[in-house]
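The structure appears right after this line, and notes come after that.
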């Protein structure tokens with residue numbers, strides 16, 4: 001070939017290389033199966049197909065009895081997949097009322113990636129995880145040693161995964177949680193995600209537990225708490241629990257109920273709003289939190305061991321008082337302030353008590369504080385903190401709460 | 001003297017005999033029916049003739065100011081007898097006397113004498129009249145241009161809310177007058193060129209001496225003098241002939257219908273080229289920022305115009321990238337959309353038979369088709385095309401399930417954004433580039449969009465307009481020129497002409513505070 005022909009061929013070659021190599025991972029957006037929620041349960045013992053590492057799905061229930069060893073490791077993974085057509089609001093035909101915007105499909109496997117592979121065998125649309133909102137893990141999985149980390153490994157490692165996916169633990173079946181949503185929300189996963197953000201409305205919701213943060217905690221061997229979700233009924237769930245994980249074994253040790261969660265929020269300084277019910281002079285009142293500042297201090301005693309004190313300052317307004325005296329008068333205000341203050345101290349003490357003596361998990365940030373402010377001491381006693389010596393559970397923790405009522409409401413008296 | 005139908009050689013000078021002259025003109029023009037010849041005898045008896053082209057020349061002027069004057073007036077001090085005494089020879093003195101007498105008698109302002117046949121012919125063909133007098137050496141050329149021309153109207157392609165309503169017309173004289181009316185500077189220069197082997201069009205280079213960089217003017221003159229073509233086809237051929245990079249889709253010379261735009265450019269130190277026969281006049285050199293600037297920016301408050309310019313910059317980017325981004329996001333990067341948007345887009349695309357690429361190309365091509373059709377149609381039907389295109393096709397395509405509603409939104413926004421670009425020529429380039437970016441996006445996704453962007457940028461920084469870098473105050477950084485770039489500072493701060501133009505006179509205003517001493 002002559003030079004001229006070469007020169008003429010060059011653009012052609014370039015074009016072919018572009019056109020042949022380009023477009024290979026082009027997927028239409030309507031060909032994606034958007035997975036928005038994942039629920040991880042233990043497989044049901046009685047029914048449902050159960051198989052080992054065998055990917056081939058024979059859909060028979062006869063063979064599952066033999067694979068005893070593998071069935072012990074198996075997860076039952078529930079995928080929530082969006083049906084976009086069900087979401088669109090302006091449907092011309094009247095049948096849109098009954099349209100579901102999602103469907104759940106459960107797969108039993110002993111690894112997440114293979115469960116996803118099995119899912120894609122069943123779906124015409126390839127599962128797509130970039131819009132994954134929540135991962136719900138049932139208590140039974142989280143309580144087993146290492147199981148928790150195994151369960152979320154895939155959701156951290158796979159390249160589609162986002163580190164802002166929420167992780168929650170439930171006492172219930174994860175599958176049940178992913179079926180509840182109020183009538184105004186069409187996607188349970190989205191509902192849960194938005195629900196878990198409501199920290200401004202309630203002091204009993206932990207700050208959202210992103211999978212990236214959880215990963216960090218696991219690597220640091222730090223005890224941590226993540227949101228626990230409870231199934232109320234078909235129409236709603238609540239996220240007012242906290243699941244406490246032990247930092248050394250990375251397994252769940254128990255739940256904090258909603259009041260204890262509020263106490264934990266106060267200790268960590270995560271409270272952004274919410275109400276506190278208090279009593280003063282046999283009257284019931286509700287205090288609404290507006291601003292909270294938290295400071296942790298520690299003093300070393302003669303035995304060279306620290307004792308802690310939480311300084312909490314709470315500001316807010318009185319939302320509701322029954323049979324109140326004039327709420328503009330000084331004695332009434334200070335009485336209410338002490339009422340609220342006692343209530344908060346009670347919340348925090350019950351939390352501290354449970355964490356120190358029942359769970360022995362330092363979720364409230366004492367270890368962090370020592371690590372940051374008394375590193376040399378911390379290095380010497382690191383191993384005795386939660387383990388062996390159990391320093392954590394014996395350290396005295398004091399609560400110093402100051403409450404100021406900024407507003408007593410629009411009126412001073414309801415009835416005269 | 002009769003010439004017996006023999007073809008005449010072109011003489012260097014007019015003949016002494018009027019009849020010879022007329023015969024020569026008739027012969028060289030092929031006796032067209034629009035050639036008007038009026039022969040008459042002057043008061044003294046000399047034979048004379050006026051030649052002009054009907055339709056181009058103002059017959060009233062010729063009749064009232066030339067013929068009637070020459071016929072009536074008498075009292076010449078030169079007589080024919082004097083001449084005969086001088087041995088029948090047509091001597092210089094006599095000829096000069098005759099000329100002086102003739103020209104004196106004409107109460108005309110626009111009059112000159114010429115003895116060059118080329119000049120005479122061109123003058124006749126461009127609408128003036130030629131007066132031949134028996135035995136006179138030179139021909140009197142009378143400015144009698146007076147053809148039917150369009151009145152000054154509002155520019156069709158560049159209308160403004162606030163600003164002058166006059167636009168250029170096809171008539172060069174009117175156009176120069178429009179500029180002259182805005183700049184009464186004695187240094188305003190109009191230099192004439194005659195371009196076109198056959199069309200012999202008048203082209204005027206306008207600049208302000210003392211502001212403009214003389215090297216720029218010389219270069220413009222040099223490039224114009226190289227033009228050798230039958231007809232420069234309006235200003236388009238001139239623009240394409242003298243621009244620096246003819247391979248580039250980006251216009252390197254600005255064309256405008258607005259005299260205020262040209263006047264403003266001249267005062268900045270640019271050069272204008274006015275071409276006869278077209279309302280589109282040229283401004284050069286320009287930078288890419290010129291396309292997002294509109295004269296309105298200077299008529300309005302500086303905050304408003306800064307925001308509007310920013311809006312136009314955004315319009316450029318939207319018109320350029322939106323369909324490409326739509327393709328890239330829908331075909332490759334589904335995770336980049338917010339979840340709710342992703343689901344709703346996926347929902348609306350449910351049941352659409354085409355991939356997003358095909359859908360986008362289909363709709364964009366339809367849009368371009370509609371726009372092209374709208375240009376061709378008469379104005380009254382043009383309205384219909386808008387309705388048919390916008391409503392019927394868009395709506396019908398969605399209900400028929402051929403395209404998704406989101407696509408219609410994308411196409412509509414793109415179209416509106418491209419209409420917001422002040423320069424039509426630049427908007428066309430953007431339209432073209434949009435398709436390139438769509439191809440890049442459909443092959444490589446966002447990566448392709450970025451690649452296309454980089455290629456475009458490399459191309460842009462390599463462009464020059466008459467030696468001025470195309471991306472000027474940005475790419476060779478001239479911070480002082482940023483005062484009038486994307487934002488426009490208050491008038492008092494625009495104290496200097498663009499630095500990149502390297503003008504002779506750099507300052508254009510003096511603040512009052514600096515002249516405190518003067519009363």
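Miscellaneous remarks
For (1) under 26 Å from residue A:335 (Cα atoms); (2) assigned by TED's automatic domain parsing to the domain that holds residue A:325, each residue gets a yes or a no:
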| residue | (1), (2) |
| --- | --- |
| A:264 | yes, no |
| A:273 | yes, yes |
| A:279 | yes, yes |
| A:287 | yes, yes |
| A:291 | yes, yes |
| A:298 | no, yes |
| A:301 | no, yes |
| A:304 | no, yes |
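- Region A:6-35 - residue that is surrounded by 18 or more Cβ atoms within 10 Å (Cβ to Cβ) and more than 9 Å from chain B (Cβ to nearest Cβ) and, of those, nearest to residue A:122 (Cα to Cα): A:33
- Test: residue in region A:102-114 that is at pLDDT below 80 and assigned by TED's automatic domain parsing to the domain that holds residue A:189: no
- Residues that are under 21 Å from residue B:237 (Cβ atoms), assigned to a loop (DSSP other than H, G, I, E, B) and in contact with a strand residue (DSSP E or B) (Cβ under 9 Å, 6 or more places away or on another chain), drawn from region B:197-218: B:200
Rundown of residues vs (1) in contact (Cβ under 8 Å) with a residue 12 or more places away in the chain; (2) outside any loop (DSSP other than H, G, I, E, B); (3) surrounded by fewer than 14 Cβ atoms within 10 Å (Cβ to Cβ), yes/no style:
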position	(1), (2), (3)
A:323	yes, no, yes
A:328	yes, no, yes
A:341	yes, yes, no
A:354	yes, yes, no
A:364	yes, no, no
A:370	yes, yes, no
A:378	no, yes, no
A:381	no, yes, no
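- Screening residue B:186 on (1) outside any strand (DSSP E or B); (2) in contact (Cβ under 8 Å) with a residue 12 or more places away in the chain shows it passes everything except condition (2).
- From B:308, B:320, residue being surrounded by fewer than 21 Cβ atoms within 10 Å (Cβ to Cβ) and in contact with a helix residue (DSSP H, G or I) (Cβ under 9 Å, 6 or more places away or on another chain): B:308
- Among the conditions (1) out of contact with any strand residue (DSSP E or B) (no Cβ under 9 Å at 6 or more places or on another chain); (2) within 14 Å of chain B (Cβ to nearest Cβ); (3) closer than 17 Å to residue A:77 by Cβ, residue A:160 misses just one, which is (1).
- Scanning region B:330-340 for residues that are under 26 Å from residue B:431 (Cα atoms) and more than 8 Å from chain A (Cβ to nearest Cβ) returns B:333, B:336, B:337.
- Test: residue in region B:236-250 that is surrounded by 17 or more Cβ atoms within 10 Å (Cβ to Cβ), under 24 Å from residue B:150 (Cβ atoms) and without any contact (Cβ under 8 Å) to a residue 12 or more places away in the chain: yes
- Enumeration of residues in region A:163-209 that are touching a helix residue (DSSP H, G or I) at 6+ places or on another chain (Cβ under 8 Å), in contact (Cβ under 8 Å) with a residue 12 or more places away in the chain, over 25 Å from residue A:276 (Cα atoms) and within 14 Å of chain B (Cβ to nearest Cβ): A:163, A:164, A:165, A:166, A:186, A:187, A:188, A:190
- Residue count for region A:248-281, restricted to those that are part of a loop (DSSP other than H, G, I, E, B), surrounded by fewer than 24 Cβ atoms within 10 Å (Cβ to Cβ) and in contact with a strand residue (DSSP E or B) (Cβ under 8 Å, 6 or more places away or on another chain): 6
- In the condition set (1) without any contact (Cβ under 8 Å) to a residue 24 or more places away in the chain; (2) not in a strand (DSSP E or B), residue B:178 is compliant with all but (1).
- A residue that is within 14 Å of chain A (Cβ to nearest Cβ), surrounded by fewer than 19 Cβ atoms within 10 Å (Cβ to Cβ) and in contact (Cβ under 8 Å) with a residue 40 or more places away in the chain can be found somewhere in region B:393-404.
- Checked against (1) over 16 Å from residue A:172 (Cα atoms); (2) without any contact (Cβ under 8 Å) to a residue 40 or more places away in the chain, residue A:240 passes all but condition (1).
- Residue in region B:121-143 that is surrounded by 17 or more Cβ atoms within 10 Å (Cβ to Cβ) and either under 16 Å from the mean Cα position of the chain (by Cα) or without any contact (Cβ under 8 Å) to a residue 12 or more places away in the chain (or both) present: no
- Test for residue B:327: is it at pLDDT 90 or above, over 35 Å from the mean Cα position of the chain (by Cα) and either more than 12 Å from chain A (Cβ to nearest Cβ) or under 30 Å from residue A:161 (Cα atoms) (or both): yes
- Flag for residue B:360 being in a helix (DSSP H, G or I), surrounded by 15 or more Cβ atoms within 10 Å (Cβ to Cβ) and away from chain A (no Cβ under 14 Å): no
- Selection of region A:144-178 for residues being in a helix (DSSP H, G or I) and within 14 Å of the chain's Cα centre (by Cα) yields A:148, A:152, A:174, A:177.
- Considering region B:345-357, the residues that are at the interface with chain A (Cβ under 9 Å from one of its Cβ atoms) and touching a residue at least 24 places away in the same chain (Cβ under 8 Å) include one that is nearest to residue B:428 (Cα to Cα), namely B:357.
- Check on residue A:45, surrounded by fewer than 12 Cβ atoms within 10 Å (Cβ to Cβ), under 28 Å from the mean Cα position of the chain (by Cα), in a loop (DSSP other than H, G, I, E, B) and at pLDDT 50 or above: yes
A quick yes/no check of all residues on (1) more than 24 Å from residue B:182 (Cβ to Cβ); (2) touching a helix residue (DSSP H, G or I) at 6+ places or on another chain (Cβ under 9 Å):
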| position | (1), (2) |
| --- | --- |
| B:115 | yes, no |
| B:119 | yes, no |
| B:124 | yes, yes |
| B:138 | yes, yes |
| B:146 | yes, yes |
| B:156 | no, no |
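The values are calculated or read from the model by the stated rules, or taken from the named source; none is laboratory data. Note that the coordinates shown come from a computational prediction; the quantities given were computed from them, not determined experimentally. Every residue, glycine among them, receives a Cβ derived from its backbone with ideal geometry; neighbour counts consider all protein chains shown.
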